[in-house]
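Peer 1: Shown below is the structure under consideration.
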Amino acid sequence: MSTAVAVAGIGLHPFGRFERATVTDMGVSAVRAALREADVGRGDFQAAFCGTVYSGVAAGHKVLGALGMTGIPIVDVEAGCASGGAALMLGAGAIRSGQHDTVLVFGMEKMPKGIIRSSFFEPWREEAGLAATPAYFALRAQRLMRESGVTVDHLAQVVVKNRRNGAHNPDALFRSEVSAADVLASRLVCDPLRLWMLCSPDEGAAAVVLRRADAGTGVTVEAAALRSHLPGSVLGEATPMAGLVDDSFPSPTGLAAQAAYIEAGIGPDDLDVVECQDTDAARELLSYEELGLCAKGDAARFLEAGSPEMAGRLPVNPSGGLLSKGEPLGASALGQVVELVRQLRGRAGARQVDSARVALAHTVGRGANACVVILRGNP
């Protein structure tokens, strides 16, 4: 990578439910905070990339219009839960190519309450109960239980870990610890997933200002890779949720992780902290394997060894993950990036990971997209 891309500023509107705030209001709040921290004003950035799914036409334009900062290229990006990561990839690429010196990347969402719906699925699938959640998530969890020795107790342990971390995150939707017994006692949604094992759709926004840097200073973007699913998946999904016609096909997460590791010149053993997709508890466990944090089939053992705990070998989701924060789709990936920038700056407070220098953010969008971002903290 010939041109270093530095994170000059970050901003976050808390995740939760805010009846009096529009999605534009939340976007403005996060963007203002990021621009202020970067000391960037009108005319100081050359392009903006906005990740969002449910916000409607020209959503990014409405945010920058409210700030009087239009006139530049403003690109809205949709890749499901990976929308913010896709926007960051485009922004970082524009800087590396020499097209721009400074760009704004932001994402926001005001999610409908209830189970996430997606127009990606044909009407017959929804009528048959085969929408994205929770049926496919449950099928994916069942397969993981068969292949990796995962039990419902492991699923509960993931929720307990993330809610414990989220208790220290003032920007999270849920900020209280729970017990495994509480998780297992919550309503069965789709076997084996209980209600508390599923993240809650909600609202929020996040923003990042990226800037060309002559050398690695502060926090830099080492890689940002987006990949889509390969042909051959069952029912058009490829996390895998229900399985693949050919199991030799790598998942979108596997493809994105491999590309990001190569781009950054590192491997999973070089990571100090990870924020990964935990749309449901099984998704986090599968992420361990697909990101190479452990060998295929070893997710349960990785968890049992305490590796992803705050005091473990590789803390995962110190922010509390989506199980604590909830998931406003367009803001999810950039919310991870904001958390990891704080970690690499040593400013994460009670959830700080000791000596964090290299961090990875991971999101999966609609099962058909995956984005992996690698950040490095430079003295």
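Peer 1: Looking at LYS62, LYS113, which one is farther than 28 Å from ALA257 by Cβ and under 20 Å from the mean Cα position of the chain (by Cα)?
Peer 2: LYS113
Peer 1: Within 18 Å of MET310 (Cβ to Cβ), open to solvent by 10 Å² or more (accessible area, probe 1.4 Å) and basic (Lys, Arg): which single residue out of ARG357, ARG376 fits that description?
Peer 2: ARG357
Peer 1: Only one residue in VAL341, VAL337 is at pLDDT 95 or above, within 10 Å of the chain's Cα centre (by Cα) and open to solvent by less than 10 Å² (accessible area, probe 1.4 Å). Which one?
Peer 2: VAL337
Peer 1: So, one more: Kindly indicate whether ARG283 is of a type in the set (D, E, K, R), open to solvent by less than 10 Å² (accessible area, probe 1.4 Å) and touching a residue at least 12 places away in the same chain (Cβ under 8 Å).
Peer 2: So ARG283 fits the description; yes.
Peer 1: Quickly run through the stretch 14-33 and pick out the residues that are in contact with an Asp or Glu (Cβ under 8 Å, 6 or more places away or on another chain), under 20 Å from LEU64 (Cα atoms) and not in a loop (DSSP other than H, G, I, E, B).
Peer 2: PRO14, VAL23, MET26 - these are the residues of the stretch 14-33 that are in contact with an Asp or Glu (Cβ under 8 Å, 6 or more places away or on another chain), under 20 Å from LEU64 (Cα atoms) and not in a loop (DSSP other than H, G, I, E, B).
Peer 1: While we're on this one: Go through PRO170, PRO201 for me and flag whichever is out of contact with any Pro (no Cβ under 6 Å at 6 or more places or on another chain) and at pLDDT below 95.
Peer 2: PRO201
Peer 1: Right, here's the next one. Within the stretch 213-266, take every residue that is open to solvent by 60 Å² or more (accessible area, probe 1.4 Å) and of a type in the set (Gly, Ala, Ser) and give me the one that is modelled with the lowest pLDDT.
Peer 2: SER248
Peer 1: Please list, ordered by first then second residue, the pairs with beta carbon atoms under 6 Å, 6 or more apart or interchain, first in the stretch 169-190 and without any contact (Cβ under 8 Å) to a residue 24 or more places away in the chain, second surrounded by fewer than 16 Cβ atoms within 10 Å (Cβ to Cβ).
Peer 2: Here the result reads SER186/LEU195; ARG187/LEU195, each pair linking the stretch 169-190 to a residue that is surrounded by fewer than 16 Cβ atoms within 10 Å (Cβ to Cβ).
Peer 1: Any residue in the stretch 302-314 that is open to solvent by 10 Å² or more (accessible area, probe 1.4 Å), more than 25 Å from LEU193 (Cβ to Cβ), without any contact (Cβ under 8 Å) to a residue 12 or more places away in the chain and part of a helix (DSSP H, G or I)?
Peer 2: Within the stretch 302-314 (the criterion being open to solvent by 10 Å² or more (accessible area, probe 1.4 Å), more than 25 Å from LEU193 (Cβ to Cβ), without any contact (Cβ under 8 Å) to a residue 12 or more places away in the chain and part of a helix (DSSP H, G or I)), the answer is no, since none of the residues qualifies.
Peer 1: Of everything in the stretch 25-68, what is crowded, with 21+ Cβ neighbours inside 10 Å and of a type in the set (Val, Ile, Thr)? Give them in sequence order.
Peer 2: VAL28, VAL31, THR52, VAL53, VAL63
Peer 1: Go through the stretch 265-286 and give me each residue that's in a loop (DSSP other than H, G, I, E, B) and either over 14 Å from HIS154 (Cα atoms) or among the aliphatic types (A, V, I, L, M) (or both).
Peer 2: GLY265, ILE266, GLY267, LEU271, ASP272, CYS276, GLN277, THR279
Peer 1: A follow-up question, please. Are any residues in the stretch 34-59 within 19 Å of the chain's Cα centre (by Cα) and either at pLDDT 95 or above or outside any loop (DSSP other than H, G, I, E, B) (or both), and if so, which ones?
Peer 2: ALA34, PHE49, CYS50, GLY51, THR52
Peer 1: Another question, if that's okay. With respect to ARG366, is the statement that it is over 19 Å from VAL160 (Cβ atoms), modelled with pLDDT under 95, in contact with a helix residue (DSSP H, G or I) (Cβ under 9 Å, 6 or more places away or on another chain) and open to solvent by 10 Å² or more (accessible area, probe 1.4 Å) true?
Peer 2: Judged against the criteria, ARG366 is a match.
Peer 1: Please enumerate the residues belonging to the stretch 1-16 that are buried (at least 16 other Cβ atoms within 10 Å of the Cβ) and out of contact with any helix residue (DSSP H, G or I) (no Cβ under 6 Å at 6 or more places or on another chain).
Peer 2: ALA4, ALA6, PRO14, GLY16
Peer 1: Would you be able to tell me the number of residues in the stretch 287-301 that are open to solvent by less than 10 Å² (accessible area, probe 1.4 Å) and either acidic (Asp, Glu) or in a helix (DSSP H, G or I) (or both)?
Peer 2: Result for the stretch 287-301: 4.
The values are calculated or read from the model by the stated rules, or taken from the named source; none is laboratory data. This structure is a prediction, so every number in the text was calculated from the model and none was measured. Glycine gets a Cβ as well: all are built from the backbone with ideal geometry, and neighbour counts include every protein chain shown. For the accessible areas, the whole protein counts, side chains as well, though only heavy atoms, and no ligand, DNA or RNA atoms are used. Shrake-Rupley method; radii C 1.70, N 1.55, O 1.52, S 1.80 Å.
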